[in-house]
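Worksheet for the structure shown next.
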Amino acid sequence: MPKYKLIALDLDGTLLNNRGKITAVTADAVLRAQRAGVTVALCTGRNLTDARVFSNALPSPADWAVTANGADVRPMAGGDAVFSDGLNDALCQEILKICTCFDSDPCFYTNNGMYYGEEFRKFVFALHRRGVQADFLEIESYHYVENAQEWEQVLRQEHGCITKAILHHEEPKVVDCITDALRQTGLFELAPSAMFGGQLKNVEVNRRGVSKGRALEVLAAHIGCGMEQVLAIGDSDNDLSMLRLAGVGVAMANADPHIRNAVDAVTAANTEDGVARAIERYILEETL
């Protein structure tokens, strides 16, 4: 049996290539790990609906979904959460207040969808101008919110169901200011992200104490697995907690230097089947 019993896989920039797809080579490596008796968890900032789409793209679906940066943990096939710690109404109101101060608006995630405002639309159009054909605005479960009154309606409608937020602004320096304002409250876990050399920025927002690492600890305990038996693979700031806590944390070659410097090992890029190479090294070679 392999040393590692649980694989935690980030999606974007990790399991998915730059076209948002799982290659045949990577899918096959995940399948062979499952056949060797290893449990697979998709650990993503995305919601449960998105996680299930990519799980179903694998030859054999993943076992667990750790979504919204660790705010929700549940079986991929369905059933109750074994861990859930989203944003309550007071935290959502604080986020809305800070957004208003910077003439911005949030994206609020639920397990089944996302509510977004004008800043996210601007962000998507900016991606298009840079050659990224993102189809986020066409996703049926993503809903546009026009004004403050509609945001209040969303919070009433989704009471207790908001898992995380992402905040955007077309001016990167304003995102930095928003991040600082959020940090000063002491209420949130923050994962800033930059694209195109800092030309575009956003910040992911969770309740204080929520992270992929914490969620993975809960999941490992639930399935009777020690953290020393976990292989975690990721590329971004929101992956750092699980990469540091896992028995072995592996960064993708496309990760920023501070991510690569904080982990146990570095694999190839997401465009070069880096996940497959890590699974070969840490899981499959041990079963030969």
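Figures for the structure shown
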quantity	calculated
Where Leu190 falls short, out of the listed (1) crowded, with 19+ Cβ neighbours inside 10 Å; (2) in a strand (DSSP E or B); (3) among the hydrophobic types (A, V, I, L, M, F, W, C)	(1)
Odd one out for Cys161, checked against (1) over 24 Å from His258 (Cα atoms); (2) not in a loop (DSSP other than H, G, I, E, B)	(2)
Flag if Ile233 is surrounded by 20 or more Cβ atoms within 10 Å (Cβ to Cβ) and at pLDDT 95 or above	yes
Residue match in region 218-232 (condition: in contact with a Cys (Cβ under 9 Å, 6 or more places away or on another chain) and within 23 Å of Arg32 (Cβ to Cβ))	yes
Ile139, sole failed condition from (1) more than 16 Å from the chain's Cα centre (by Cα); (2) among the β-branched types (Val, Ile, Thr); (3) closer than 16 Å to Thr44 by Cα	(3)
Yes/no for Ser241 being of a type in the set (Ser, Thr, Tyr), surrounded by 15 or more Cβ atoms within 10 Å (Cβ to Cβ) and out of contact with any Asp or Glu (no Cβ under 8 Å at 6 or more places or on another chain)	yes
In region 119-145, the residues that are of a type in the set (A, V, I, L, M) and touching a helix residue (DSSP H, G or I) at 6+ places or on another chain (Cβ under 8 Å)	Val124, Ala134, Leu137, Val145
Selection within region 46-89 - free of Cβ contacts under 8 Å to residues at least 12 places away in the same chain and among the polar types (S, T, N, Q)	Asn56
Residue within region 12-25 that is part of a helix (DSSP H, G or I), out of contact with any strand residue (DSSP E or B) (no Cβ under 6 Å at 6 or more places or on another chain), farther than 22 Å from Tyr142 by Cα and of a type outside the set (Phe, Trp, Tyr) present	yes
Qualifying residue in region 250-271 (condition: surrounded by fewer than 17 Cβ atoms within 10 Å (Cβ to Cβ) and among the polar types (S, T, N, Q))	yes
3 or more residues over 28 Å from Ile223 (Cβ atoms) and either of a type in the set (Asp, Glu) or touching a strand residue (DSSP E or B) at 6+ places or on another chain (Cβ under 9 Å) (or both): qualifying helices (runs of 4 or more DSSP H) within region 44-134	89-101, 118-129
Region 242-287 - residue that is of a type in the set (D, E, K, R) and within 18 Å of the chain's Cα centre (by Cα) and, of those, farthest from Ala24 (Cα to Cα)	Arg244
In region 66-115, the residues that are in contact with a Gly (Cβ under 6 Å, 6 or more places away or on another chain) and either modelled with pLDDT under 95 or among the acidic types (Asp, Glu) (or both)	Asp105
Matching entry among Ile259, Ile178 (being free of Cβ contacts under 8 Å to residues at least 40 places away in the same chain, assigned to a helix (DSSP H, G or I), out of contact with any Pro (no Cβ under 6 Å at 6 or more places or on another chain) and among the hydrophobic types (A, V, I, L, M, F, W, C))	Ile259
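The values are calculated or read from the model by the stated rules, or taken from the named source; none is laboratory data. Because the structure is a prediction, the values reported are computed rather than measured. Note that we place each Cβ from the backbone using ideal geometry, even for glycine, and neighbour counts take in every protein chain shown.
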